[in-house]
Structure formats: C-alpha cells, structure tokens
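Trainee: Just dropping this structure here.
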Amino acid sequence: MGATYYQVQRSTDGVNFTNLASPTGVQYIDPLPGVGIQYYYQVAGVNGSGTSPYSSIVSMVAAPPGEMSLGELRLRSQQTADRVGSDFVGTSEWNAFIRLAMYELYDLLITAYEDYNIAPYVYINTNSTTQRYALPDGTNYLGGTFGGTSGLPAKKFYKLAGVDLGVNTSNNAWVTINRFDWIDRNAYVYPNSTSTIYGVYNMRYRVMGNDIIFIPTPAGNQQVRLSYAPILPGLLADTDLTTIGWSGWLRYVIVRSAKYALDKEEGTDTSKMDTEIAFLKQRIEQSAINRDQGQAETISETRKGGYAYNGNGWGSGGGQGGW
C-alpha cells in the first residue's frame, strides 16, 4: 500500500529532528533554509497502516543563487568523476583539488573580465625617501590607506589591476603609472628633470614580492592609488560558501576537480573532460568580450581627451587632451 503523505523532518545536528512538512507529493523544497547552515533531512511514508521507518539521513548547505558550499562542490565533482563512495581519493584531497580549481577559475575571470572582483581603492601617501611600499596584507592598510590609523583593513592583495598617481594634493586628478621593465631599472633617477604639464615626474612601478617599488623615488606628499583583486577566500569547512558563481561558472571548478582526481588513476580517459574544460574557458572569454552591449565594438579612438571635429577642423571641443 502506498503512502498517503510523507513526513519530512529536519535537523541541524543530524541527531535531533523536528517535523518540517507533510507533503503528498514525492518532491518537497524547503522554502526558508538559512544560508551557510548545514541541514540534515530524513523522510518517512505515512498511510492508514502507520508510519514507515525513516530514510537514510541526507544533508545539504543552503547557498545563494549561483553559489555552492564546499560539501556540494565535492559531491558534484565526485558525481562528474563517477567516484561517489570511492576511497581512492580522500575527502581532504578532494577539497584540495577544489580549492586549486577555484583559484584557476578566479584567475581566469580576473584575466578575461579585467575588472572582476576589484577591491575598493587603497592609497599610499608617499614621502621623499621611501621607494618601496608593502602591498595590502589584510592588516597594513587601515581605512584603505597604507600606514593608516583607523578604519577596517583593506583586503589582502592577490593581483594588481592598475596604479594611478595624484597630480595634486588638494583635489586629486589621476594619471596612470606604467610598469617599468626590469632591464631598465636604472634608467630613472631622482630628481628627474623631465615632467609633464602637470608637474608629474615620469614615475614607474613594479610589483616585487609582497611590495610595490617606484622609480624614481616619489617626492613627498604625492598620493598613489592602487586597484587590485583581493585574495580569494579559501573553502575549508563543508559549510563554507563560494563567492564566485554569479554567472554559473562553478561548472568549471566541478569538471576541473573531477579531472584532477581521475588523473591520479593511471589509464583513466579524461579526454571528454579536457574538451569540456576548454569549452568552458572559451565561453568565459567570449562572455567577457560581449558583456557590454551598450556600445558595439569599434576601432578604438585615435585621440583622447575630448578632441572632436567641430566643422572647421579638428579642435579641442572643450577637452583637455591632445595627440
């Protein structure tokens, strides 16, 4: 005799269960789970003869749309590799593969999108003697300023996106600083007699280890602004949630982790996974190119700064730029 309805029970510790719902159908969606909390469920069938034994306990962690918990990522990776229940790759090793694949995806997104996950600006107030400054490590940029004394620390540095130099101290306008080639490290000296119309010396930067170095040595009271991508939070516990899946790119992590696991088994054919990984990578790069639909891709401007044709020839049109 079939079930008249089902008794769904939920727990937060896997031991003490309470009744959650009594659906008549074979599917039920928990409408109000707390994000980032691991829940345990068991189900029993009920009819006129009584209640059946409860099912085996299953667990899940609720995540925002497009995100997953470490536990779910591991299960999906194991399913993709067809290794659910296998002990050949242990849990800690699966987790390590997932973290590695997460950083591969993160690096790909930062490279393809350029502005992906860029942290708020941080600032360096230079002096006339210091050439080398530490990059954000999660403690040394209080309030977003190097050597700051108040405010929350800036996020830890992962990859630089750009460096700007303020052209004055009262109402900053910004100019972009370019990286110097290592072979030219002695080509710039201080003081530098060659400046722009704004009085900004030809400063260059380079990331060196955990520091950023400027040549020539910056003058005092100049402000440098850094744009960077912060380090990706690590997934350590099964309840830890990703913060990267807003476009559904976590499939890349799942397939990449599955391939890592299968590569450990000699003779396992992973060619189909290689094909899917290549497709996902290409799809990410394509979506980054066509993300901005506000203006079609065209040949880039020859001149910048507001120069435009005014009917009598090329003029400034109110801009401040030039060739």
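Just so it is clear, none of the values below were taken in a lab; they were calculated from the coordinates. Small disclaimer: the values here were computed from a predicted structure and weren't measured. Every residue, glycine among them, receives a Cβ derived from its backbone with ideal geometry; neighbour counts consider all protein chains shown.
Trainee: Hey, what's the Cα Rg ratio for region 42-83 versus the globular rule of thumb, 2.2 N^0.38 Å? Write down the numbers at each step before the final one.
Mentor: Values: Rg = 15.6 Å, N = 42, 2.2 N^0.38 = 9.1 Å.
This ratio for region 42-83 stands at 1.71.
Trainee: With equal scatterers on the alpha carbons only and no solvent term, can you work out the Debye log10 of I(q)/I(0) for region 1-150 at 0.10, 0.12, 0.16 1/Å?
Mentor: Result of the Debye calculation: -0.64, -0.80, -1.05.
Trainee: Can you work out the Karplus-derived ³J(HN,Hα) for every residue in region 11-24? Use 6.51 cos²θ - 1.76 cosθ + 1.60 with θ = phi - 60°, whole Hz, and x for glycine or proline.
Mentor: Listing the rounded values in order: 9, 9, 10, x, 10, 9, 9, 10, 5, 10, 7, 10, x, 8 Hz.
Trainee: Here is a further query. Which distance in Å, rounded to a whole number, links the C-alpha centroids of region 220-293 and region 35-65?
Mentor: 32
Trainee: Which order do peptides 149-155, 244-250, 268-274 fall in by mean Cβ count within 10 Å, highest first?
Mentor: Values: 149-155: 13.9, 244-250: 17.6, 268-274: 12.3.
Ranking the peptides 149-155, 244-250, 268-274 by packing returns 244-250, 149-155, 268-274.
Trainee: In the chain, if every C-alpha pair distance is counted and binned at 20 Å from zero, what percent goes to each bin?
Mentor: 22, 41, 27, 9, 1
Trainee: Can you give me the long-range amide H partners of Y228? Hydrogens built in the peptide plane at 1.01 Å from N, cutoff under 5 Å, separation of 5 or more residues or another chain.
Mentor: A119, A161
Trainee: Still on this structure, I have one more. With a 10 Å cut-off between alpha carbons and a GNM built on the chain, which of E266, E93, E276 moves the most?
Mentor: Per the Cα network of the chain with a 10 Å cutoff, E266 tops the list.
Trainee: Let me ask something else. Quick one, could you list the DSSP H helices from the chain stretching 30 Å or more along their long axis (Cα atoms) with average Kyte-Doolittle hydropathy of -1.0 or above?
Mentor: Details: long enough: 91-113 (32 Å, 0.38).
Those that clear 30 Å and a mean of -1.0 are 91-113.
Trainee: From Cα coordinates alone, what are the radius of gyration and Dmax values for region 103-154 in angstrom?
Mentor: Expressed in Å, the Cα Rg and Dmax of region 103-154 come to 13.9, 41.
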